[in-house]
Amino acid sequence: MTVDQFVHALRAEQTPLEDAPGSLAAYETDFGRLVRGASRGVVRARSVDEMARIVRMARSLGVKLTPRGAGLSQGGQSVAAETITLDLSDLRSLDVSALRDARVSVGPGTTFREILAETIPHGLTLPVVPLNLDLTVGGVLSAGGMGSSTHRHGLVVDHVVSANVVLGTGEQVTFSRESEVEVRDVVLGGVGRAGILACITLALVPTPRALRSLVLLYRDLSTLLADQTRLALRAEVEHLDAMCAPAMLGLIRTPQGGRAPLRRFSYALHLTVGADAVVEPLLADLSHDEVLHDEADDPLSFASRFDARFAAMRATGAWELAHPWFEAFVPAARAREALERAMAMPPFLSELVRATPVASDARGARSRSVAMPEGPAFVVAMLPAGVPAAFVEQARGAIEALDAAYASLGAKRYLSGWLPRIHALGWAEHHGASLDALARVVERCDPDHVLASRLPPLPR
Ligand SMILES: Cc1cc2nc3c(=O)[nH]c(=O)nc-3n(C[C@H](O)[C@H](O)[C@H](O)COP(=O)(O)OP(=O)(O)OC[C@H]3O[C@@H](n4cnc5c(N)ncnc54)[C@H](O)[C@@H]3O)c2cc1C
(Lines give C-alpha, C1' and ligand atoms only; values in the text may rest on other atoms or scores of the structure.)
Protein backbone atom coordinates (compact mmCIF):
# COMPACT_ATOMS: atom_id res chain seq x y z
CA MET A 1 0.00 0.00 0.00
CA THR A 2 2.81 2.42 0.87
CA VAL A 3 4.33 1.85 -2.57
CA ASP A 4 0.99 2.82 -4.14
CA GLN A 5 0.97 5.99 -2.04
CA PHE A 6 4.54 6.69 -3.08
CA VAL A 7 3.67 6.27 -6.77
CA HIS A 8 0.66 8.54 -6.30
CA ALA A 9 2.75 11.20 -4.52
CA LEU A 10 5.44 11.04 -7.24
CA ARG A 11 2.87 11.44 -9.98
CA ALA A 12 1.35 14.41 -8.15
CA GLU A 13 4.79 16.03 -8.39
CA GLN A 14 5.10 15.13 -12.10
CA THR A 15 7.93 12.68 -11.40
CA PRO A 16 7.40 9.71 -13.69
CA LEU A 17 7.75 6.17 -12.37
CA GLU A 18 7.98 3.15 -14.63
CA ASP A 19 6.30 0.07 -13.29
CA ALA A 20 5.21 -1.88 -16.36
CA PRO A 21 6.45 -5.44 -15.67
CA GLY A 22 8.45 -5.56 -18.92
CA SER A 23 10.43 -2.45 -17.99
CA LEU A 24 11.54 -3.78 -14.60
CA ALA A 25 13.37 -6.96 -15.61
CA ALA A 26 16.68 -5.19 -16.29
CA TYR A 27 16.70 -3.79 -12.73
CA GLU A 28 16.11 -7.18 -11.13
CA THR A 29 19.63 -8.36 -11.83
CA ASP A 30 23.01 -6.88 -12.77
CA PHE A 31 26.04 -7.64 -14.96
CA GLY A 32 26.81 -10.63 -12.73
CA ARG A 33 23.40 -12.25 -13.39
CA LEU A 34 23.81 -14.39 -10.27
CA VAL A 35 21.69 -12.39 -7.85
CA ARG A 36 18.03 -11.74 -8.61
CA GLY A 37 15.63 -9.36 -6.88
CA ALA A 38 12.28 -7.68 -7.41
CA SER A 39 11.83 -4.04 -8.38
CA ARG A 40 8.54 -2.31 -7.50
CA GLY A 41 9.22 0.46 -10.03
CA VAL A 42 11.93 2.68 -11.45
CA VAL A 43 12.19 6.38 -10.83
CA ARG A 44 14.74 8.60 -12.57
CA ALA A 45 15.91 11.65 -10.69
CA ARG A 46 16.36 14.59 -13.09
CA SER A 47 18.00 16.95 -10.61
CA VAL A 48 19.61 16.82 -7.19
CA ASP A 49 16.64 18.58 -5.59
CA GLU A 50 14.29 16.08 -7.17
CA MET A 51 16.49 13.26 -5.87
CA ALA A 52 16.32 14.70 -2.35
CA ARG A 53 12.52 15.04 -2.63
CA ILE A 54 12.20 11.43 -3.77
CA VAL A 55 14.28 10.23 -0.82
CA ARG A 56 12.28 12.31 1.70
CA MET A 57 9.02 11.05 0.23
CA ALA A 58 10.21 7.43 0.36
CA ARG A 59 11.30 7.90 3.96
CA SER A 60 8.02 9.40 5.08
CA LEU A 61 6.04 6.57 3.41
CA GLY A 62 8.31 3.74 4.56
CA VAL A 63 9.38 2.90 1.00
CA LYS A 64 12.89 1.58 0.25
CA LEU A 65 15.06 2.76 -2.63
CA THR A 66 17.94 1.07 -4.48
CA PRO A 67 20.38 3.57 -6.05
CA ARG A 68 21.62 2.40 -9.45
CA GLY A 69 24.08 3.70 -12.03
CA ALA A 70 24.78 1.48 -15.04
CA GLY A 71 23.96 -1.76 -13.17
CA LEU A 72 27.38 -3.21 -14.02
CA SER A 73 28.26 -4.52 -10.57
CA GLN A 74 28.04 -8.27 -10.14
CA GLY A 75 26.80 -9.17 -6.69
CA GLY A 76 23.40 -7.52 -6.19
CA GLN A 77 24.87 -4.14 -5.18
CA SER A 78 22.38 -2.29 -7.40
CA VAL A 79 19.71 -5.01 -7.63
CA ALA A 80 16.29 -4.06 -6.28
CA ALA A 81 15.00 -6.06 -3.28
CA GLU A 82 11.24 -5.39 -3.27
CA THR A 83 12.42 -1.77 -3.51
CA ILE A 84 11.97 1.11 -5.92
CA THR A 85 15.03 1.53 -8.14
CA LEU A 86 16.43 5.05 -8.16
CA ASP A 87 18.09 5.20 -11.58
CA LEU A 88 20.80 7.88 -11.54
CA SER A 89 22.13 7.33 -15.04
CA ASP A 90 20.36 10.43 -16.41
CA LEU A 91 22.19 12.71 -13.96
CA ARG A 92 25.04 13.35 -16.37
CA SER A 93 26.70 16.71 -16.14
CA LEU A 94 30.23 17.90 -16.59
CA ASP A 95 31.51 21.25 -15.33
CA VAL A 96 34.99 21.99 -16.63
CA SER A 97 35.19 25.58 -15.37
CA ALA A 98 37.86 24.62 -12.79
CA LEU A 99 40.19 22.84 -15.24
CA ARG A 100 42.80 25.49 -14.51
CA ASP A 101 42.81 24.23 -10.90
CA ALA A 102 42.97 20.64 -12.22
CA ARG A 103 39.43 19.80 -11.12
CA VAL A 104 36.24 18.67 -12.77
CA SER A 105 32.73 18.49 -11.27
CA VAL A 106 30.31 15.85 -12.48
CA GLY A 107 26.87 14.41 -11.89
CA PRO A 108 26.77 10.80 -10.65
CA GLY A 109 25.54 9.34 -13.95
CA THR A 110 28.45 10.84 -15.91
CA THR A 111 30.73 8.23 -17.41
CA PHE A 112 34.53 8.12 -17.41
CA ARG A 113 34.44 8.29 -21.22
CA GLU A 114 32.57 11.60 -21.05
CA ILE A 115 35.07 13.05 -18.57
CA LEU A 116 38.21 11.99 -20.44
CA ALA A 117 36.85 13.28 -23.76
CA GLU A 118 36.75 16.77 -22.18
CA THR A 119 39.91 16.75 -20.07
CA ILE A 120 42.52 14.91 -22.17
CA PRO A 121 42.54 17.56 -24.94
CA HIS A 122 43.62 19.97 -22.14
CA GLY A 123 46.49 17.69 -21.10
CA LEU A 124 44.67 16.49 -17.95
CA THR A 125 43.29 13.14 -16.92
CA LEU A 126 41.73 11.44 -13.93
CA PRO A 127 44.53 9.92 -11.85
CA VAL A 128 42.80 6.51 -11.87
CA VAL A 129 40.55 5.30 -14.69
CA PRO A 130 38.72 1.96 -14.74
CA LEU A 131 39.16 -0.28 -17.78
CA ASN A 132 35.50 0.14 -18.72
CA LEU A 133 34.93 3.80 -19.54
CA ASP A 134 31.13 3.44 -19.56
CA LEU A 135 30.79 2.90 -15.81
CA THR A 136 29.12 5.77 -13.95
CA VAL A 137 31.17 7.90 -11.58
CA GLY A 138 28.60 7.35 -8.79
CA GLY A 139 28.69 3.56 -9.20
CA VAL A 140 32.50 3.37 -9.30
CA LEU A 141 32.92 5.65 -6.28
CA SER A 142 30.54 3.38 -4.40
CA ALA A 143 32.93 0.46 -4.97
CA GLY A 144 36.29 2.28 -4.82
CA GLY A 145 37.58 2.37 -8.39
CA MET A 146 40.84 0.88 -9.55
CA GLY A 147 42.79 0.92 -12.77
CA SER A 148 46.21 0.45 -14.29
CA SER A 149 47.59 3.51 -12.42
CA THR A 150 46.52 2.14 -9.02
CA HIS A 151 50.20 1.33 -8.33
CA ARG A 152 50.81 5.08 -8.34
CA HIS A 153 47.55 6.87 -7.52
CA GLY A 154 45.58 4.34 -5.46
CA LEU A 155 41.83 4.26 -6.06
CA VAL A 156 39.36 6.62 -7.73
CA VAL A 157 37.90 7.46 -4.27
CA ASP A 158 41.29 8.83 -3.21
CA HIS A 159 40.84 11.70 -5.67
CA VAL A 160 37.44 13.01 -4.63
CA VAL A 161 37.99 16.64 -3.63
CA SER A 162 34.42 17.13 -2.41
CA ALA A 163 30.94 15.80 -3.06
CA ASN A 164 27.36 16.72 -2.42
CA VAL A 165 25.38 13.77 -1.07
CA VAL A 166 21.69 13.14 -0.43
CA LEU A 167 21.59 11.09 2.76
CA GLY A 168 18.96 8.46 3.55
CA THR A 169 17.30 11.15 5.68
CA GLY A 170 16.79 13.24 2.53
CA GLU A 171 19.19 15.92 3.83
CA GLN A 172 21.92 17.22 1.55
CA VAL A 173 25.46 17.30 2.93
CA THR A 174 28.73 18.32 1.29
CA PHE A 175 31.86 16.48 2.35
CA SER A 176 35.46 17.14 1.47
CA ARG A 177 38.77 15.66 2.57
CA GLU A 178 38.59 17.78 5.71
CA SER A 179 34.90 18.20 6.48
CA GLU A 180 32.08 15.71 7.12
CA VAL A 181 34.73 13.01 6.99
CA GLU A 182 32.47 10.43 8.63
CA VAL A 183 29.90 10.87 5.85
CA ARG A 184 32.69 10.64 3.29
CA ASP A 185 33.84 7.37 4.86
CA VAL A 186 30.45 5.69 4.56
CA VAL A 187 29.58 7.02 1.11
CA LEU A 188 32.85 6.50 -0.82
CA GLY A 189 33.18 2.74 -1.17
CA GLY A 190 29.89 2.43 0.72
CA VAL A 191 27.86 0.60 -1.99
CA GLY A 192 24.95 3.03 -1.79
CA ARG A 193 23.90 2.22 1.77
CA ALA A 194 24.23 5.63 3.52
CA GLY A 195 23.69 8.31 0.91
CA ILE A 196 23.56 9.07 -2.78
CA LEU A 197 26.38 10.93 -4.48
CA ALA A 198 24.81 13.86 -6.28
CA CYS A 199 27.60 16.13 -7.48
CA ILE A 200 31.25 15.15 -7.28
CA THR A 201 34.43 17.21 -7.72
CA LEU A 202 37.39 15.10 -8.82
CA ALA A 203 41.07 16.03 -8.95
CA LEU A 204 42.90 15.76 -12.28
CA VAL A 205 46.58 15.20 -13.04
CA PRO A 206 48.64 16.07 -16.11
CA THR A 207 48.90 13.37 -18.74
CA PRO A 208 51.73 12.99 -21.24
CA ARG A 209 50.56 13.87 -24.77
CA ALA A 210 51.81 10.51 -25.99
CA LEU A 211 52.44 7.17 -24.30
CA ARG A 212 54.62 4.17 -24.95
CA SER A 213 53.42 0.74 -23.88
CA LEU A 214 55.49 -2.40 -23.65
CA VAL A 215 54.30 -5.93 -23.05
CA LEU A 216 56.93 -8.09 -21.33
CA LEU A 217 56.61 -11.86 -21.21
CA TYR A 218 57.48 -13.88 -18.09
CA ARG A 219 57.53 -17.61 -17.53
CA ASP A 220 57.94 -17.29 -13.77
CA LEU A 221 55.24 -15.73 -11.62
CA SER A 222 57.45 -14.68 -8.69
CA THR A 223 59.78 -12.86 -11.08
CA LEU A 224 56.83 -11.02 -12.60
CA LEU A 225 55.56 -9.93 -9.16
CA ALA A 226 59.02 -8.81 -8.06
CA ASP A 227 59.41 -6.72 -11.23
CA GLN A 228 55.97 -5.17 -10.76
CA THR A 229 56.88 -4.24 -7.19
CA ARG A 230 60.10 -2.63 -8.40
CA LEU A 231 58.38 -0.74 -11.23
CA ALA A 232 55.59 0.51 -8.95
CA LEU A 233 58.15 2.74 -7.23
CA ARG A 234 59.47 4.33 -10.42
CA ALA A 235 58.08 7.80 -11.06
CA GLU A 236 58.14 7.43 -14.84
CA VAL A 237 55.75 4.42 -14.83
CA GLU A 238 52.31 5.80 -15.73
CA HIS A 239 50.48 2.46 -15.95
CA LEU A 240 51.33 -0.99 -14.66
CA ASP A 241 49.31 -4.14 -15.02
CA ALA A 242 49.83 -7.87 -15.43
CA MET A 243 47.79 -10.59 -17.05
CA CYS A 244 48.03 -14.31 -16.44
CA ALA A 245 46.56 -16.35 -19.29
CA PRO A 246 46.66 -20.09 -20.04
CA ALA A 247 47.38 -22.10 -23.14
CA MET A 248 45.53 -25.42 -23.32
CA LEU A 249 48.14 -28.08 -24.14
CA GLY A 250 46.19 -31.30 -23.92
CA LEU A 251 43.66 -33.32 -21.96
CA ILE A 252 45.09 -35.38 -19.13
CA ARG A 253 43.73 -37.94 -16.67
CA THR A 254 42.47 -36.74 -13.31
CA PRO A 255 42.69 -38.74 -10.03
CA GLN A 256 38.88 -39.16 -10.27
CA GLY A 257 39.25 -41.03 -13.56
CA GLY A 258 38.04 -38.26 -15.86
CA ARG A 259 40.07 -35.92 -18.03
CA ALA A 260 40.94 -32.28 -17.59
CA PRO A 261 42.75 -29.70 -19.70
CA LEU A 262 46.50 -29.52 -19.25
CA ARG A 263 47.14 -25.80 -19.06
CA ARG A 264 50.25 -23.72 -18.85
CA PHE A 265 50.07 -20.08 -17.85
CA SER A 266 52.19 -17.28 -19.27
CA TYR A 267 52.49 -13.92 -17.60
CA ALA A 268 52.52 -10.57 -19.34
CA LEU A 269 53.59 -7.37 -17.63
CA HIS A 270 52.09 -4.24 -19.22
CA LEU A 271 54.27 -1.21 -18.70
CA THR A 272 53.31 2.26 -19.92
CA VAL A 273 55.44 5.40 -19.73
CA GLY A 274 55.29 8.86 -21.28
CA ALA A 275 56.67 8.73 -24.84
CA ASP A 276 59.61 10.93 -23.76
CA ALA A 277 60.70 8.59 -20.95
CA VAL A 278 63.82 6.54 -21.54
CA VAL A 279 62.84 2.90 -21.02
CA GLU A 280 66.20 1.18 -21.44
CA PRO A 281 67.35 1.76 -17.81
CA LEU A 282 63.96 0.51 -16.61
CA LEU A 283 64.19 -2.63 -18.73
CA ALA A 284 67.76 -3.25 -17.65
CA ASP A 285 66.48 -3.60 -14.08
CA LEU A 286 63.91 -6.26 -14.97
CA SER A 287 64.06 -10.01 -15.45
CA HIS A 288 61.53 -10.61 -18.24
CA ASP A 289 62.06 -13.36 -20.77
CA GLU A 290 61.02 -11.42 -23.85
CA VAL A 291 59.67 -8.05 -25.03
CA LEU A 292 56.48 -9.19 -26.76
CA HIS A 293 55.27 -5.84 -27.99
CA ASP A 294 56.15 -2.15 -28.02
CA GLU A 295 53.71 0.51 -29.24
CA ALA A 296 53.04 4.23 -29.21
CA ASP A 297 49.61 5.46 -28.21
CA ASP A 298 47.72 8.59 -27.30
CA PRO A 299 46.12 8.87 -23.84
CA LEU A 300 42.48 8.62 -25.00
CA SER A 301 43.11 5.59 -27.19
CA PHE A 302 45.08 4.00 -24.34
CA ALA A 303 42.28 4.62 -21.81
CA SER A 304 39.77 2.96 -24.14
CA ARG A 305 41.99 -0.03 -25.00
CA PHE A 306 39.58 -2.53 -23.40
CA ASP A 307 36.69 -1.37 -25.61
CA ALA A 308 37.75 -4.04 -28.10
CA ARG A 309 37.35 -6.81 -25.50
CA PHE A 310 33.96 -5.50 -24.39
CA ALA A 311 32.80 -5.19 -28.03
CA ALA A 312 33.86 -8.81 -28.63
CA MET A 313 31.96 -9.90 -25.49
CA ARG A 314 28.86 -8.20 -26.86
CA ALA A 315 29.31 -9.63 -30.36
CA THR A 316 29.69 -13.21 -29.09
CA GLY A 317 26.84 -12.99 -26.57
CA ALA A 318 29.26 -13.34 -23.61
CA TRP A 319 28.08 -9.95 -22.27
CA GLU A 320 24.64 -11.48 -21.60
CA LEU A 321 26.02 -14.49 -19.69
CA ALA A 322 26.75 -14.76 -15.95
CA HIS A 323 29.82 -12.94 -14.59
CA PRO A 324 30.89 -14.30 -11.22
CA TRP A 325 33.73 -11.78 -11.18
CA PHE A 326 36.17 -11.92 -8.33
CA GLU A 327 38.45 -9.07 -7.27
CA ALA A 328 40.35 -8.75 -4.02
CA PHE A 329 43.05 -6.74 -2.30
CA VAL A 330 45.66 -9.28 -1.29
CA PRO A 331 48.64 -8.82 1.07
CA ALA A 332 51.67 -8.51 -1.26
CA ALA A 333 53.42 -11.36 0.55
CA ARG A 334 50.52 -13.70 -0.38
CA ALA A 335 50.04 -12.42 -3.96
CA ARG A 336 51.71 -15.41 -5.58
CA GLU A 337 49.58 -17.89 -3.64
CA ALA A 338 46.44 -15.87 -4.34
CA LEU A 339 47.14 -15.81 -8.08
CA GLU A 340 47.90 -19.53 -8.13
CA ARG A 341 44.59 -20.25 -6.44
CA ALA A 342 42.75 -18.14 -9.04
CA MET A 343 44.62 -19.86 -11.89
CA ALA A 344 43.61 -23.26 -10.46
CA MET A 345 39.92 -22.40 -10.89
CA PRO A 346 38.03 -24.24 -13.67
CA PRO A 347 39.07 -23.09 -17.17
CA PHE A 348 35.79 -21.26 -17.83
CA LEU A 349 36.56 -18.96 -14.86
CA SER A 350 40.32 -18.51 -15.05
CA GLU A 351 40.86 -17.48 -18.65
CA LEU A 352 42.05 -14.01 -17.53
CA VAL A 353 43.57 -13.21 -14.17
CA ARG A 354 45.06 -9.77 -13.50
CA ALA A 355 47.41 -8.42 -10.85
CA THR A 356 48.29 -4.81 -10.05
CA PRO A 357 50.20 -3.40 -7.07
CA VAL A 358 48.34 -0.86 -4.93
CA ALA A 359 50.06 2.42 -4.04
CA SER A 360 50.68 2.43 -0.32
CA ASP A 361 51.10 6.19 0.09
CA ALA A 362 47.50 6.93 -1.02
CA ARG A 363 46.15 5.19 2.07
CA GLY A 364 45.76 8.36 4.13
CA ALA A 365 43.08 9.59 1.77
CA ARG A 366 41.24 6.31 1.34
CA SER A 367 37.68 5.92 2.60
CA ARG A 368 37.31 3.58 5.61
CA SER A 369 34.58 1.68 3.76
CA VAL A 370 37.18 0.30 1.36
CA ALA A 371 38.59 -2.61 3.36
CA MET A 372 42.24 -3.27 2.64
CA PRO A 373 44.85 -5.58 4.22
CA GLU A 374 47.57 -4.00 6.34
CA GLY A 375 50.84 -3.29 4.51
CA PRO A 376 51.67 -3.55 0.80
CA ALA A 377 48.91 -5.05 -1.33
CA PHE A 378 48.10 -6.23 -4.83
CA VAL A 379 44.72 -6.19 -6.54
CA VAL A 380 44.00 -9.63 -7.98
CA ALA A 381 41.06 -9.94 -10.37
CA MET A 382 39.55 -12.92 -12.18
CA LEU A 383 37.30 -11.68 -14.95
CA PRO A 384 35.82 -14.38 -17.22
CA ALA A 385 34.16 -13.06 -20.39
CA GLY A 386 30.96 -14.92 -19.52
CA VAL A 387 29.94 -18.19 -17.90
CA PRO A 388 27.31 -20.23 -19.80
CA ALA A 389 24.25 -21.40 -17.83
CA ALA A 390 25.49 -25.01 -17.82
CA PHE A 391 28.52 -24.00 -15.73
CA VAL A 392 26.92 -21.51 -13.33
CA GLU A 393 26.38 -23.92 -10.43
CA GLN A 394 29.95 -25.20 -10.71
CA ALA A 395 31.16 -21.59 -10.86
CA ARG A 396 29.25 -20.71 -7.69
CA GLY A 397 30.85 -23.59 -5.76
CA ALA A 398 34.33 -22.80 -7.09
CA ILE A 399 34.11 -19.12 -6.20
CA GLU A 400 32.72 -19.79 -2.74
CA ALA A 401 35.81 -21.93 -2.13
CA LEU A 402 38.08 -19.23 -3.59
CA ASP A 403 36.41 -16.56 -1.43
CA ALA A 404 37.09 -18.66 1.71
CA ALA A 405 40.70 -19.31 0.64
CA TYR A 406 41.30 -15.58 0.03
CA ALA A 407 39.81 -14.73 3.45
CA SER A 408 42.33 -17.12 5.02
CA LEU A 409 45.14 -15.28 3.15
CA GLY A 410 44.02 -12.01 4.78
CA ALA A 411 42.58 -10.64 1.51
CA LYS A 412 39.65 -8.20 1.37
CA ARG A 413 37.11 -8.36 -1.41
CA TYR A 414 36.59 -5.38 -3.71
CA LEU A 415 32.89 -4.60 -3.43
CA SER A 416 32.09 -4.75 -7.12
CA GLY A 417 32.15 -8.48 -7.83
CA TRP A 418 30.13 -11.46 -6.73
CA LEU A 419 30.51 -11.67 -2.94
CA PRO A 420 29.21 -15.06 -1.75
CA ARG A 421 30.94 -14.85 1.62
CA ILE A 422 29.43 -11.45 2.45
CA HIS A 423 26.02 -12.73 1.30
CA ALA A 424 26.41 -15.75 3.59
CA LEU A 425 28.16 -14.24 6.63
CA GLY A 426 27.42 -10.52 6.55
CA TRP A 427 30.00 -7.76 7.06
CA ALA A 428 31.85 -8.58 10.31
CA GLU A 429 34.76 -10.42 8.69
CA HIS A 430 35.03 -7.91 5.83
CA HIS A 431 35.06 -4.69 7.86
CA GLY A 432 36.65 -6.18 10.99
CA ALA A 433 37.39 -3.57 13.67
CA SER A 434 35.90 -0.75 11.53
CA LEU A 435 32.45 -2.33 11.40
CA ASP A 436 30.87 -0.79 14.49
CA ALA A 437 32.01 2.74 13.68
CA LEU A 438 30.88 2.44 10.04
CA ALA A 439 27.52 0.96 11.07
CA ARG A 440 26.94 3.80 13.57
CA VAL A 441 27.49 6.47 10.90
CA VAL A 442 25.33 4.61 8.36
CA GLU A 443 22.58 4.48 11.01
CA ARG A 444 22.85 8.24 11.49
CA CYS A 445 22.78 8.90 7.72
CA ASP A 446 19.87 6.55 7.04
CA PRO A 447 18.02 5.86 10.31
CA ASP A 448 14.92 4.47 8.55
CA HIS A 449 16.89 2.17 6.26
CA VAL A 450 15.54 3.80 3.11
CA LEU A 451 18.55 2.72 1.02
CA ALA A 452 18.67 -1.02 0.40
CA SER A 453 19.67 -3.53 -2.24
CA ARG A 454 20.18 -7.26 -2.55
CA LEU A 455 23.48 -6.90 -0.68
CA PRO A 456 23.03 -7.69 3.01
CA PRO A 457 22.69 -4.50 5.12
CA LEU A 458 25.27 -3.51 7.71
CA PRO A 459 24.22 -4.61 11.21
CA ARG A 460 22.39 -1.74 12.95
C1 LIG B 1 33.15 -4.71 -18.12
C2 LIG B 1 33.45 -4.15 -16.75
C3 LIG B 1 34.71 -3.64 -16.48
C4 LIG B 1 34.99 -3.12 -15.21
N5 LIG B 1 36.23 -2.61 -14.97
C6 LIG B 1 36.51 -2.07 -13.77
C7 LIG B 1 37.77 -1.49 -13.50
O8 LIG B 1 38.67 -1.48 -14.33
N9 LIG B 1 37.99 -0.94 -12.27
C10 LIG B 1 37.01 -0.92 -11.31
O11 LIG B 1 37.24 -0.38 -10.24
N12 LIG B 1 35.83 -1.48 -11.54
C13 LIG B 1 35.55 -2.05 -12.73
N14 LIG B 1 34.33 -2.62 -12.94
C15 LIG B 1 33.39 -2.70 -11.82
C16 LIG B 1 32.63 -1.42 -11.61
O17 LIG B 1 33.48 -0.35 -11.30
C18 LIG B 1 31.70 -1.50 -10.40
O19 LIG B 1 30.94 -2.64 -10.47
C20 LIG B 1 30.81 -0.27 -10.32
O21 LIG B 1 30.18 -0.24 -9.07
C22 LIG B 1 29.76 -0.31 -11.41
O23 LIG B 1 29.32 0.98 -11.70
P24 LIG B 1 27.80 1.16 -12.15
O25 LIG B 1 27.65 2.55 -12.60
O26 LIG B 1 27.40 0.10 -13.10
O27 LIG B 1 27.12 0.96 -10.74
P28 LIG B 1 25.87 0.07 -10.28
O29 LIG B 1 26.13 -1.36 -10.52
O30 LIG B 1 24.64 0.63 -10.86
O31 LIG B 1 25.92 0.37 -8.73
C32 LIG B 1 26.98 -0.12 -7.95
C33 LIG B 1 26.80 0.33 -6.50
O34 LIG B 1 26.88 1.73 -6.44
C35 LIG B 1 25.71 2.27 -5.84
N36 LIG B 1 25.50 3.55 -6.49
C37 LIG B 1 25.31 3.79 -7.80
N38 LIG B 1 25.24 5.11 -8.02
C39 LIG B 1 25.39 5.70 -6.81
C40 LIG B 1 25.43 7.04 -6.36
N41 LIG B 1 25.29 8.07 -7.18
N42 LIG B 1 25.60 7.28 -5.04
C43 LIG B 1 25.74 6.28 -4.15
N44 LIG B 1 25.71 4.99 -4.52
C45 LIG B 1 25.54 4.71 -5.84
C46 LIG B 1 24.64 1.24 -6.07
O47 LIG B 1 23.61 1.33 -5.11
C48 LIG B 1 25.45 -0.02 -5.91
O49 LIG B 1 25.63 -0.32 -4.55
C50 LIG B 1 34.01 -3.14 -14.20
C51 LIG B 1 32.74 -3.67 -14.47
C52 LIG B 1 32.48 -4.17 -15.73
C53 LIG B 1 31.13 -4.76 -15.99
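For the stretch 246-308, take N as its residue count and report Rg(C-alpha) divided by 2.2 N^0.38 Å. Let's see the in-between values first.
Numbers: Rg = 18.6 Å, N = 63, 2.2 N^0.38 = 10.6 Å.
Compactness ratio reported: 1.75.
What nm value, rounded to one decimal, do you get for the distance between PHE306 and ARG234 when each label is placed 7 Å out toward the C-beta?
2.4 nm
Roughly what angle does helix 221-232 make with the longest principal axis of the chain, taking Cα atoms, 0 to 90 degrees, to the nearest 10?
That helix lies at roughly 70 degrees to the long axis.
Rg and Dmax of the chain, using alpha carbons, in Å: what are they?
For the chain, the Cα-based Rg and Dmax read 22.0, 70 Å.
How far is the Cα center of the stretch 305-339 from the Cα center of the stretch 431-460, in Å?
29 Å
Got a number for carbon plus sulfur as a percent of the chain's accessible area, 1.4 Å probe?
53 percent
What accessible area per residue, rounded to a whole number of Å², is obtained for the stretch 94-206 using a probe radius of 1.4 Å?
On the way: 3340 Å² over 113 residues.
Spelled out: the 1.4 Å probe surface of the stretch 94-206, per residue, equals 30 Å².
At R0 = 56 Å, how high is the FRET efficiency between GLU340 and ARG56 if r is their beta carbon distance? Nearest 0.05 is fine.
0.65
Obtain the nm distance between the two label points defined at ARG460 and ARG46 by a simple spin-label model: each point lies 7 Å from its Cα along the Cα-to-C-beta direction.
Taking the simple label geometry, ARG460 and ARG46 are separated by 3.2 nm.
How much length is gained on full extension from GLU290 to SER93, taking 0.36 nm per residue of separation minus their Cα-Cα distance?
Extending this stretch completely gives an extra 66.4 nm.
From the helices alone, meaning DSSP H stretches of at least four residues, give me the mean residue ellipticity at 222 nm for the chain, per-run term -39500 (n - 2.57), in deg cm²/dmol to the nearest 500.
Theoretical 222 nm ellipticity from helices: -8000 deg cm²/dmol.
Any idea how far the Cα center of the stretch 395-420 sits from the one of the stretch 194-269, in Å?
Centre-to-centre (Cα) distance: 19 Å.
Could you grab the relative contact order for the stretch 337-460? Cα pairs under 8 Å, six or more apart, rounded to a whole percent.
Reported as a whole number, the value is 24 percent.
Could you compute Rg(Cα) / (2.2 N^0.38 Å) for the stretch 211-425, with N its residue count? Please report the intermediate quantities before stating the final value.
Details: Rg = 18.1 Å, N = 215, 2.2 N^0.38 = 16.9 Å.
For the stretch 211-425, the normalised Cα radius of gyration comes out at 1.07.
Find the accessible area per residue for the stretch 278-356; the probe is 1.4 Å, ligands and nucleic acids are left out, and the unit is Å².
45 Å²
Given R₀ = 51 Å, FRET efficiency for THR2-HIS122 by Cβ-Cβ distance, to 0.05?
Using R0 = 51 Å, I get an efficiency of 0.55.
With an 8 Å Cα cut-off and a minimum separation of 6 or more residues, compute the relative contact order for the chain in percent.
18 percent
Determine, from the Cβ-Cβ distance of ALA26 and VAL278 and an R0 of 41 Å, the FRET efficiency 1/(1 + (r/R0)^6), rounded to the nearest 0.05.
So the FRET efficiency works out to roughly 0.25.
Using a 10 Å cut-off on Cβ atoms, rank the peptides 306-319, 167-180 from the highest mean neighbour count down.
So the order, starting with the most tightly packed, is 167-180, 306-319.
Computed from the mean reciprocal separation of all distinct C-alpha pairs, what Kirkwood hydrodynamic radius does the stretch 94-206 have, in Å?
Hydrodynamic radius (Kirkwood, Cα only) of the stretch 94-206 equals 13.9 Å.
Only residues of the stretch 310-337 count here: report those whose backbone N is under 19 Å from the spot 7 Å along Cα→Cβ of ALA390, or say none.
Once the point is set 7 Å along Cα→Cβ of ALA390, 316-324 turn out to lie under 19 Å by backbone N, inside the stretch 310-337.
For the stretch 211-425, calculate the relative contact order in percent as a whole number, restricting contacts to Cα pairs under 8 Å that are 6 or more residues apart.
24 percent
The values are calculated or read from the model by the stated rules, or taken from the named source; none is laboratory data. In this text the structure is predicted, and so the values were computed from the model without any measurement. In this analysis, Cβ positions are derived from the backbone assuming ideal geometry, glycine residues included, and neighbour counts consider all displayed protein chains. To get the accessible areas, we keep the full protein, side chains included, count just its heavy atoms, and leave off ligands, DNA and RNA. Shrake-Rupley method; radii C 1.70, N 1.55, O 1.52, S 1.80 Å.
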